[in-house]
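Before any comments, here is the structure.
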Amino acid sequence: MTIMISNQSGHSGLRLFIGLILVMILILFFGQMANWTTVSMSSTSFERRATCRDILNTMVVGKWLKKPHSKEEISQINKFLHAVREHLFLPYSLEREDKLCGNVTFEELNWRMHDLHWFRALCNPDGDTPCCYNNRCVAKDADDCYCDSCYDMRQPIHAELATWSPSTYDCQMTTFTSAEDVCHLLSNVTLYIIGDSLLRHVYVSLLTLIRSDTIYGPLLQYTSPGVVQMCNGDFLHLPMCVNHIDRDTWACDRTVRLKFFEYVRSSQSNLTLAAISELMTTPNSLVLVGIGIHDNFNSTSILNDLVFPMVKIASHSKWPRIVWSATHSFGIMKSPRIVSQNIENVIHFNEKIKAALRGSGIPIFDTFQLTNGTMSFDGVHYGKGVNDVKAQIFLNYIMEERELGHLENDV
């Protein structure tokens with residue numbers, strides 16, 4: 001007997017076979033994607049990316065992807081930049097009347113009660129001569145304003161208008177968006193953040209997220225409504241608002257301790273080391289610490305007074321788990337006259353600290369590449385866009401510590 005199979009039946013079988021293959025591929029793809037985008041919020045496990053490790057080295061390498069934005073978002077950024085520059089007695093355009101720029105500052109404005117040597121003169125990005133070329137503002141398109149001595153305010157990316165995308169495919173950032181999720185992650189954790197204003201900004205972003213369901217956010221609980229309104233968002237970083245930050249708090253129904261110590265110099269190392277030492281008997285304690293700029297990146301004093309004693313503490317005690325925060329990249333507004341704080345010295349300083357910490361068990365949170373090419377509001381500090389990403393990456397690191405069993409789930 002001969003069995004005849006019609007062409008139609010053969011085609012149907014082939015389509016079914018191809019369909020099954022596609023379904024299997026989709027199942028495998030979405031199953032793999034779940035490994036690196038999903039946080040298990042059970043009380044005993046934090047299962048996520050099985051293949052993604054060493055968060056502090058992988059998530060800080062990537063690029064900023066511009067995203068659609070509204071006129072209102074641009075308006076809010078410009079409003080803040082105007083307020084900052086007004087406080088610093090800087091012209092909003094950052095341009096000198098004589099059109100000199102690049103390797104000069106605003107010494108002709110020193111009579112306005114501020115040391116303007118801290119800021120590089122640039123060119124008005126909205127003016128007729130927006131490109132600083134050979135130390136003079138000239139009319140060049142943004143695409144033509146690239147050279148070793150060129151500075152162009154049109155080029156830095158506003159992190160508030162972009163999304164950070166790590167380069168490692170299977171180490172994408174899990175974004176915590178609710179106080180509930182952050183509180184679950186940080187349950188029974190004590191976190192001390194110690195350092196200068198760069199660390200304070202990260203602390204503010206963390207506390208803002210933890211208190212996202214409150215009116216006062218990172219401010220002291222009984223701050224007046226007027227101050228809460230005045231110090232909203234990036235305006236919190238203005239001097240009149242800094243003193244209203246809550247620097248010592250129990251959060252998440254008193255299951256999380258969060259404290260900031262503004263110790264900014266190596267001469268205060270005894271205070272920093274004392275704060276670290278008081279956590280040696282506190283399980284689930286972490287310290288994020290970093291200084292540099294107020295010592296003009298003198299690695300010798302910082303190594304001898306702080307880093308080496310800190311390594312000794314870490315070698316003798318399980319707690320606290322210490323993370324060193326490297327200095328980030330500065331913006332193009334940073335003055336060319338403060339040679340000890342130029343970009344080359346920052347890089348050299350970071351490398352010296354990294355070498356000293358190699359093999360110590362103290363990881364380094366290095367956001368230099370993450371901040372390079374982004375807009376700084378004063379040449380040194382960054383706004384909410386950058387600091388929120390720093391905070392999110394640090395939370396991803398804590399989640400990794402949970403996954404690896406370095407933090408205890410029940411204390």
* Residues being in contact with a helix residue (DSSP H, G or I) (Cβ under 7 Å, 6 or more places away or on another chain) and at pLDDT below 95 - total across segment 117-153 -> 1
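What number of residues within segment 162-195 are outside any loop (DSSP other than H, G, I, E, B), out of contact with any strand residue (DSSP E or B) (no Cβ under 8 Å at 6 or more places or on another chain) and small (Gly, Ala, Ser)?
Going through segment 162-195, the residues outside any loop (DSSP other than H, G, I, E, B) turn out to be 162-166, 179-185, 189-195.
In the following step, the residues that additionally are out of contact with any strand residue (DSSP E or B) (no Cβ under 8 Å at 6 or more places or on another chain) were identified as 179-182, 184-185.
In the following step, the residues that additionally are small (Gly, Ala, Ser) were identified as 179.
Residues meeting the conditions: 1.
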* **Hits in segment 260-274 (condition: of a type in the set (D, E, K, R) and crowded, with 18+ Cβ neighbours inside 10 Å)** => Arg265
* Asked: Hey, does segment 199-220 have a residue that's within 21 Å of Trp319 (Cα to Cα) and of a type outside the set (A, V, I, L, M)?
  -> yes
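Within segment 196-225, how many residues are among the basic types (Lys, Arg) and part of a helix (DSSP H, G or I)?
1
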* Of all residues in segment 139-168 being touching a Pro at 6+ places or on another chain (Cβ under 9 Å), of a type in the set (A, V, I, L, M, F, W, C) and buried (at least 18 other Cβ atoms within 10 Å of the Cβ), which is nearest to Pro336 (Cα to Cα)? -> Met153
* To do: Could you check how many residues of segment 280-293 are within 16 Å of Arg200 (Cα to Cα) and either surrounded by fewer than 17 Cβ atoms within 10 Å (Cβ to Cβ) or at pLDDT below 95 (or both)?
  => 0
* The lone exception for Asn243 - which of (1) over 30 Å from Ile302 (Cβ atoms); (2) surrounded by fewer than 13 Cβ atoms within 10 Å (Cβ to Cβ) it fails -> (1)
* To do: Considering every residue within segment 170-187, establish whether at least one is assigned by TED's automatic domain parsing to the domain that holds Val264, β-branched (Val, Ile, Thr) and touching a Gly at 6+ places or on another chain (Cβ under 9 Å).
  => no
* Exactly one of (1) surrounded by 16 or more Cβ atoms within 10 Å (Cβ to Cβ); (2) not in a strand (DSSP E or B) is unmet by Gly359. Its number? -> (1)
* To do: Would you mind stating whether Ser277 is at pLDDT 95 or above, exposed (fewer than 15 other Cβ atoms within 10 Å of the Cβ) and of a type in the set (Gly, Ala, Ser)?
  => yes
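The values are calculated or read from the model by the stated rules, or taken from the named source; none is laboratory data. Given the structure is predicted, the values throughout are model-derived calculations rather than measurements. Neighbour counts are summed over all protein chains in view; Cβ atoms, including those assigned to glycine, are modelled from backbone coordinates with ideal geometry.
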